[in-house]
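**Q** Handing you this structure, nothing more for now.
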Amino acid sequence: MTLRACFSALADGLDADLAIDNEHRLLYEYHSDRIRSIFTAHPDLPMHQDSVGGFLHGFLITGAHYVSEDSVEQQAMFPVLGGTLLLARDLPLGPPDLTAGHDFIDQLTDTIGDTDPGPGTALVHHAFAIAGDIPVTCASLGGFSLGVAYTLPYLPDEGPDPAPLIAAACQLADILTR
């Protein structure tokens, strides 16, 4: 099976942890199951490597910009990376349809209201530039938004609000459908 580059890189980095049945593997499986259930709870958002790749990069960009470096919270985020790999490695690549998942984006847009994307737009573009071979589609942007939301337990209580990242992803998805 072909893996998107971000998952191949994760597999290389996590190979030893994944080969041994240890506590890390259990944490990876926990997050894999949890992420799968989040996607399953949103049937309008297809689950494939591209949407899960969007999730991964939404999670990573939010963690990099909103969670203090070398903090306990940042360290606790590591098993999520393994969980996304476990989930994505058996999924197909996404189809070339740019608009699949747009109904999910519409629902998400309704929940964020008038949130100004502001600097979130540049961060979304940066995340997909880093992602390399993850195409910018409604599904990958929906996954990105779920990844941003998945960071909420790791964010400081009085820290910045990541909602502008989700607003920027919704705005970009809206542009794709015009």
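**Q** Highest first, please rank the peptides 105-112, 123-130, 161-168, 143-150 by the mean number of other Cβ atoms sitting within 10 Å of their residues.
**A** Going by the mean number of other Cβ atoms within 10 Å, highest first, we get 143-150, 161-168, 123-130, 105-112.
**Q** Same structure, new question: Which length gain, in nm to one decimal place, applies between S71 and D12 when the Cα-Cα distance is subtracted from 0.36 nm times their residue separation?
**A** Once the chain is fully extended between S71 and D12, it gains 18.8 nm.
**Q** Could I ask something else about it? Between A19 and A5, what is the label-to-label distance in nm when each label sits 7 Å out along the Cα-to-Cβ direction?
**A** Label-label distance for A19 and A5, simple model: 2.6 nm.
**Q** Using the membrane-span-like helix rule (whole DSSP H runs, Cα extent along the own axis of at least 27 Å, mean Kyte-Doolittle hydropathy at least 0.5), which helices of the chain qualify?
**A** Flagged H segments: there are none.
**Q** Let me ask something else about it. Specify which labelled value, from (i) 112; (ii) 122; (iii) 165, agrees with volume of the Cα convex hull per residue in Å³ derived from the coordinates of the model shown.
**A** For volume of the Cα convex hull per residue in Å³, the calculated option is (i).
**Q** A further question on this structure: Could you pull out the GluC sites (Glu not before Pro) across segment 66-164 that fall in loop regions by DSSP (anything but H, G, I, E, B) with no more than 11 other Cβ atoms inside 10 Å?
**A** Here the sparse-neighbourhood loop sites are E69, E158.
**Q** Take every Cα pair under 8 Å in segment 36-139 that's 6+ residues apart, average their separations, divide by the length, and report that relative contact order as a whole percent.
**A** 46 percent
**Q** Could you work out how far apart the two model spin labels at A64 and D174 are, taking each label as a point 7 Å from the Cα in the direction of the beta carbon, and quote it in nm?
**A** Taking the simple label geometry, A64 and D174 are separated by 2.6 nm.
Only the coordinates and a few stated rules stand behind these numbers; no lab work does. Because the structure is a prediction, the values reported are computed rather than measured. Virtual Cβ from ideal backbone geometry, glycine too; neighbours counted across all protein chains shown.
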